[in-house]
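Below is one structure; the comments refer to it alone.
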Amino acid sequence: MALTRTELSTRARAAVGEIGPVTDFFASLRELDGRDDVLDLTFGNPHEMPLDGLVRAISSHTEPRSVDWFAYKSNENEPREVISTALTTELGLDFAPEDVALTQGAFGAIALALRLVGDAGDEAILPTPGWFCYAPMLRLVDMAPVKVPLDPQTYDLDLAAIERAITPRTRVVVVNSPANPTGRVYPRQQLESLADLLESASVRIGRRVWLLSDEPYRRIRFDGVPFVSPAACYPWTLVDYSYGKVLLAPGQRLGYLALSPLLPTPERDALRAALVPVQLSMGWGFPDAIMQYSVADLEDVSIDLVELTRKRDRMLGALRSAGYRVTRPEGTFYLWGDAPGGDAARFVAALAERDVYVMPGTLFERPQHFRISLTATMGTIERALPAFDDVGARLLAGR
Ligand SMILES: Cc1ncc(COP(=O)(O)O)c(C=O)c1O
């Protein structure tokens, strides 16, 4: 008898389909490995040696100090205490250690959040353009992404559009501030309006809509722009964070999911009690022992934000003088702009001919835009600028 099923699960196929353009792009960059003439402005990866503070923190914990140094680690007390104290100061909310689940970066925390509150068939609202991994992660738990455009001029949340997108199946709204790829940091008043909207929508549909606040770029902001976490505005908020961005070391997996201290006690207790069992059921979703030991030393370590600001200003200024329309980011290490000539694929290909690589907006479902990562060195940025000038001039002139 003929076999009717493919080897892959329906969920896996849906996730593969959803992330396909990104993995294809990633694979195409692999062909450049080993070439040192390439000016890579694509992913938010490090281009210089790791931060001293990170290296010291890790090195000082590799030598075992007890028999259980490398035993199974779950949500260990010391890092939870350090994180809840830091969060209390940073967000002005009273976090307890029990509100913090230690995860493999923001990725692990988002996966945990979806498993804690999402069911198969539930919908999650994703403001777009936004990070390309939410949708495949949703597919893998049989949830449906519902993409809702941000305001095309300001990249603010379009509250009316979010309201229209809410259905009886809506379970989660994802807010990413500072936002990848736009660099927007949403102000308090906008988050308060969103909270009001979600409160009345929850009553209307007869079940709670959760807010997942994806904050891995929370500490990477420019010009003193204040940060407000949605957790301070809407009690049913789960906050995820990663150390991978601020340390520019995404290969060392460390992050957390935190429950808003404003959650009513019954919900807070139920979620607290579910953290470890669900993390375990996900396949041991905790960070490695050495990263857990390092939390206390890593809290204050950061990439150089002054240098990052210099790179932002240099790139933004140069591109604008060359006639590009580029958004001024308030946070993150990305620049988001309109592809000159209106065709991202053509623009990206023209730059690649000059050995300059940027990310096409097609990966964010915006085929007329592009994203630059400012994690490249200032030297790389300087060397790339003549290509931006030439290609921009040609495409803007319609040639
Ligand atoms: C918006 C956003 N959320 C989450 C993540 C995942 O972060 P990490 O790899 O540190 O877990 C990223 C990484 O690029 C991101 O841009």
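I'm told VAL22 meets every condition in (1) assigned by TED's automatic domain parsing to the domain that holds PHE227; (2) surrounded by 12 or more Cβ atoms within 10 Å (Cβ to Cβ) except one. Can you identify the failing condition by its number?
Result: VAL22 passes all but (1).
Please specify each residue of segment 151-168 satisfying the condition of being assigned to a loop (DSSP other than H, G, I, E, B) and either without any contact (Cβ under 8 Å) to a residue 24 or more places away in the chain or among the aromatic types (Phe, Trp, Tyr) (or both).
ASP151, PRO152, GLN153, TYR155, listed by residue number.
Looking only at segment 173-194, which residues are more than 10 Å from the ligand (Cβ to nearest atom), of a type in the set (A, V, I, L, M) and buried (at least 24 other Cβ atoms within 10 Å of the Cβ)?
Correct list: VAL173, VAL175.
Given the residues ASP142, ASP196, which is the only one that is part of a loop (DSSP other than H, G, I, E, B) and at pLDDT 95 or above?
Selected residue: ASP142, the only one of ASP142, ASP196 that is part of a loop (DSSP other than H, G, I, E, B) and at pLDDT 95 or above.
Touching a residue at least 12 places away in the same chain (Cβ under 8 Å), outside any helix (DSSP H, G or I) and either closer than 27 Å to MET49 by Cα or acidic (Asp, Glu) (or both): which single residue out of ILE372, ILE381 fits that description?
Every option except ILE372 fails the conditions.
Collect the residues in segment 107-125 that are more than 18 Å from PRO277 (Cα to Cα) and more than 16 Å from the ligand (Cβ to nearest atom), keeping them in residue-number order.
Once the filter is applied, which keeps residues that are more than 18 Å from PRO277 (Cα to Cα) and more than 16 Å from the ligand (Cβ to nearest atom), segment 107-125 yields ALA120, GLY121, ASP122, GLU123.
Looking at VAL306, VAL295, VAL326, VAL301, can you tell me which residue is under 30 Å from GLY118 (Cβ atoms) and of a type in the set (Val, Ile, Thr)?
Selected residue: VAL295, the only one of VAL306, VAL295, VAL326, VAL301 that is under 30 Å from GLY118 (Cβ atoms) and of a type in the set (Val, Ile, Thr).
The values are calculated or read from the model by the stated rules, or taken from the named source; none is laboratory data. Quantities reported herein were computed from a predicted structural model and do not represent experimental measurements. Counting neighbours? That spans all protein chains shown, and the Cβs are built from the backbone with ideal geometry, glycine included.
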